[in-house]
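A quick write-up on the structure given underneath.
The values are calculated or read from the model by the stated rules, or taken from the named source; none is laboratory data. Only a predicted model underlies this, so the values are computations on that prediction, with no experimental measurement involved. Positions of Cβ are backbone-derived with ideal geometry, glycine not excepted, and every protein chain shown enters the neighbour counts.
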Amino acid sequence: MKYYPIFLDIKEKECLIVGAGPVGIRKAVTLEKCGAKVKIISDRFSAGPDDLQKTAICFVRKKYEKKDVKGMFLVFAATNNWQLNQQIKKDASELDILCNIADAPDNSDFLLPSIVEKGNLIMAVSTSGSSPAMAKKIRQDLECQFGTEYAKLLQLMENIRKRFLSSENNPDENKVIFYTLIEKGLLELIKTNDEIKINAVLREVLGKGFIYQDLVSLRSDE
């Protein structure tokens, strides 16, 4: 295995993108969605700041300078200038900052996988840079295979787990309970929207007070 797969918490982390073409803009939007503080530097923009008014992405219209990478958590070189991208990578490496170069996996510190997102279920697909087209095909297959029922099941499990964490339940007993819920076929029941049977399973395994409609309506931050 050439690359070490990891899911990274970038909330409130400073991330720099050099280059404001379609690739750079897509990276910026995804980074901000994950909570990063995103800055885009470019002397020209294919999509101007007005196109992303609802975001907190910082647009700076200027030429790249070495000092721009200082203090960044991640750097993305997304210009159409090969030499400039290599210089950005070199500048970041000198400061021990990880850098991704668009369309140059062999020269990047990390790769960006194709992503399938169903609520809290996130699946990342990578071919180690050998075939982005194949990664895209696999992602499309997974999109069809995994429906919204997975997002609902995970939301249900998360809110049940939060109730358990606030109680004095034995952690080992909790694990058995969650495995039991899955083995009872909750995923299939959610897929068919059979709320009566879902609530029957919850009552059987958890007891009274656990109502499916209430648990899936709770936000994950409540």
TODO: Among residues belonging to the stretch 46-78 that are polar (S, T, N, Q) and surrounded by fewer than 14 Cβ atoms within 10 Å (Cβ to Cβ), point out the one that is modelled with the lowest pLDDT.
DONE: Ser46
TODO: Just one of (1) outside the structural domain of Gly185 (by TED's automatic domain parsing); (2) surrounded by 14 or more Cβ atoms within 10 Å (Cβ to Cβ); (3) not basic (Lys, Arg) trips up Glu117, so point out which.
DONE: (2)
Open item on the list: I need the full set of residues from the stretch 99-143 which are more than 18 Å from the chain's Cα centre (by Cα) and aliphatic (A, V, I, L, M), in order please.
Closed with: Ile101, Ala102, Ala104, Ala133, Met134
Open item on the list: For a quick check of your reading of the model, give me the residue pairs whose first member lies in the stretch 194-215 and is under 17 Å from Lys175 (Cα atoms), whose second is of a type outside the set (Phe, Trp, Tyr) and not in a helix (DSSP H, G or I), with beta-carbon atoms closer than 7 Å and at least 6 apart or on different chains.
Closed with: Val201/Lys184; Val205/Lys184
- [ ] For residues that are farther than 14 Å from Leu8 by Cα and surrounded by fewer than 17 Cβ atoms within 10 Å (Cβ to Cβ), tally how many sit in the stretch 95-108.
- [x] 6
Task: Complete set of residues in the stretch 4-31 that are touching a residue at least 60 places away in the same chain (Cβ under 8 Å) and surrounded by 14 or more Cβ atoms within 10 Å (Cβ to Cβ) - done: Ile10, Lys13, Cys15, Leu16, Ile17, Val18, Gly19, Val23, Gly24, Lys27
Task: Checklist (1) modelled with pLDDT under 95; (2) loosely packed, with under 14 Cβ neighbours inside 10 Å; (3) in a helix (DSSP H, G or I) applied to Ile196, failing item - done: (1)
- [ ] May I ask you to verify whether Met123 is among the hydrophobic types (A, V, I, L, M, F, W, C) and more than 15 Å from Leu206 (Cα to Cα)?
- [x] yes
Open item on the list: Based on this model, can you work out whether Ile138 counts as out of contact with any strand residue (DSSP E or B) (no Cβ under 9 Å at 6 or more places or on another chain), of a type outside the set (Ser, Thr, Tyr), crowded, with 16+ Cβ neighbours inside 10 Å and free of Cβ contacts under 8 Å to residues at least 60 places away in the same chain?
Closed with: no
Open item on the list: Given the criterion closer than 20 Å to Phe146 by Cα and either exposed (fewer than 15 other Cβ atoms within 10 Å of the Cβ) or out of contact with any strand residue (DSSP E or B) (no Cβ under 6 Å at 6 or more places or on another chain) (or both), identify the matching residue among Ile160, Ile190.
Closed with: Ile190
Task: Total residues in the stretch 199-216, condition charged (D, E, K, R) and within 16 Å of Lys184 (Cα to Cα) - done: 2
